[in-house]
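Encoded as structure tokens, the structure appears first; notes follow it.
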Amino acid sequence: MADCIFCRIASGEIPAQVVGRSEHALAFRDLNPQAPTHVLIVPLRHVDAVRDATGEDGAVLLGHVFQLAAKVATDLGLDASGYRLVSNTGREAGQSVFHLHVHLLGGRALGWPPG
């Protein structure tokens, strides 16, 4: 999608601090971090939100995104202390870029409830 910033990052058109990559997803540091470690994991293929990852293809896509998120968390040394994975769907949930993405947050104690 030409006007999607995450598609442009995934294609390499816009630079990002990449911390992980797979055949199906890309992980890069968030420009506005909300924790000492704040990484975004996006599928390379454009999907608007979690609700749009439907059927078997959607299940496989979500699996690839979460697999990369877990690998990046391990690579960044977050396994021992813990981390949070969050995906916002829709404006009221805080989704501001309408390309499915998962936030990987860690490096400090994360409170609950989150919002």
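No lab work stands behind these numbers, since they all come straight from the coordinates. Because the structure is a prediction, the values reported are computed rather than measured. Virtual Cβ from ideal backbone geometry, glycine too; neighbours counted across all protein chains shown.
Which residue is nearest to VAL97 (Cα to Cα), if the candidates are limited to segment 3-23 and must be of a type outside the set (A, V, I, L, M), in contact with a strand residue (DSSP E or B) (Cβ under 6 Å, 6 or more places away or on another chain) and without any contact (Cβ under 8 Å) to a residue 60 or more places away in the chain?
GLN17
Pairs, please: C-beta under 9 Å, at least 6 apart or cross-chain, first residue hydroxyl-bearing (Ser, Thr, Tyr) and in segment 24-47, second surrounded by 17 or more Cβ atoms within 10 Å (Cβ to Cβ)?
Partner pairs satisfying both residue conditions: THR37/ALA73; THR37/LEU76; THR37/LEU78; THR37/TYR83; THR37/LEU104; THR37/LEU105; THR37/GLY106.
If I ask for residues that are on the phi < 0 side of the Ramachandran plot and surrounded by fewer than 15 Cβ atoms within 10 Å (Cβ to Cβ), which ones from segment 6-17 would you list? Explain how you work it out, then say what you get.
Residues of segment 6-17 that are on the phi < 0 side of the Ramachandran plot, as a first pass: 6-11, 13-17.
Residues satisfying the conditions are SER11, GLU13, ILE14, PRO15, GLN17.
Would you say GLU92 is farther than 16 Å from HIS24 by Cβ and without any contact (Cβ under 8 Å) to a residue 12 or more places away in the chain?
Details: farther than 16 Å from HIS24 by Cβ: yes; without any contact (Cβ under 8 Å) to a residue 12 or more places away in the chain: yes.
Yes.
Can you give me the number of residues within segment 97-115 that are part of a loop (DSSP other than H, G, I, E, B) and touching a residue at least 12 places away in the same chain (Cβ under 8 Å)? Please lay out each step first, then the result.
If we filter segment 97-115 for residues that are part of a loop (DSSP other than H, G, I, E, B), which is where we start, we get 97-101, 107-115.
Imposing the further condition that a residue be touching a residue at least 12 places away in the same chain (Cβ under 8 Å) reduces the set to 97-101, 107-108, 110, 114-115.
Number satisfying all stated conditions: 10.
When GLY82 is evaluated against the numbered criteria (1) on the phi < 0 side of the Ramachandran plot; (2) touching a residue at least 24 places away in the same chain (Cβ under 8 Å), which criterion, by number, is the only one it fails?
(1)
Anything in segment 67-90 that is small (Gly, Ala, Ser), assigned to a helix (DSSP H, G or I) and surrounded by fewer than 18 Cβ atoms within 10 Å (Cβ to Cβ)? List them, or say none.
Residues of segment 67-90 small (Gly, Ala, Ser): 69-70, 73, 77, 80-82, 87, 90.
Keeping just the survivors that are assigned to a helix (DSSP H, G or I) gives 69-70, 73.
If the condition is that a residue be small (Gly, Ala, Ser), assigned to a helix (DSSP H, G or I) and surrounded by fewer than 18 Cβ atoms within 10 Å (Cβ to Cβ), then ALA70 is the only one that fits.
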